[in-house]
Amino acid sequence: MNRKINEKKNFEKTRINLLPPKDRNRVVKNRKMLIIFSITIGYLIFIFLLDLASVFNNNFKRAYISQLNQQLTMIQTKNILNETFESAIGKRKILLKAIQKKIAVIDSLKKLKVAWNKKISEMVAASPDGVWMSGLTLEKGVIIINGNSISLSGISTYINNLKNTELFTKIVLKRAQRKIISGNTFYSFDLKAVLKIPNINFNNQ
């Protein structure tokens, strides 16, 4: 039995050893080609997986950057809206203050209107003989009185009479011009008078 087994092994060894050198070289060459092919395929698969990972990584970065840009745009939009609202609120406060000042002045002028109606007769009555008013303008608490007089002394008397009405805090002669019409001499004049109005600042109108 052992003899048969030994003969069989010797027979197999004999068969392998009987392969021609050409066939042995071809087998070795095929093995080398298979190894090289396997290595090449593995390398290509590795490169493919590396590129795929790079693509996924770049796509993730782009998506993240896009998300950050959207958040930045939202923050900038909110900041612009906040600045717009703050500016509008500030302008509204300024406007309200200006309106309140105007309302206060209007209310004061309404009171003045009543007093003016009562005092207008006193202004007319303050004109001495030979002096008469030709115009009257009111602006920011200042009255410009245009008038005529047959003498300079009449203008002086008229100013003193206006002071006695206690309607003004200050009266100034701005102009006095001598005129001759049809042989008659008279003086045209302009008076600047500041009204006595307590608790009113006309410069804030």
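The values are calculated or read from the model by the stated rules, or taken from the named source; none is laboratory data. Only a predicted model underlies this, so the values are computations on that prediction, with no experimental measurement involved. All Cβ positions, glycine included, derive from the backbone under ideal geometry; neighbour counts span all protein chains shown. Surface areas here come from the heavy atoms of the whole protein model, side chains and all, with no ligands, DNA or RNA. Shrake-Rupley method; radii C 1.70, N 1.55, O 1.52, S 1.80 Å.
Data table
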read-out: So residue 106, is it modelled with pLDDT under 80, open to solvent by 70 Å² or more (accessible area, probe 1.4 Å) and either over 26 Å from the mean Cα position of the chain (by Cα) or under 17 Å from residue 167 (Cα atoms) (or both); value: yes
read-out: Hits in the stretch 160-199 - residues which are under 18 Å from residue 148 (Cβ atoms) and in contact with an Asp or Glu (Cβ under 6 Å, 6 or more places away or on another chain); value: 174, 175
read-out: Selection status of residue 192, surrounded by 14 or more Cβ atoms within 10 Å (Cβ to Cβ), free of Cβ contacts under 8 Å to residues at least 12 places away in the same chain and not aromatic (Phe, Trp, Tyr); value: no
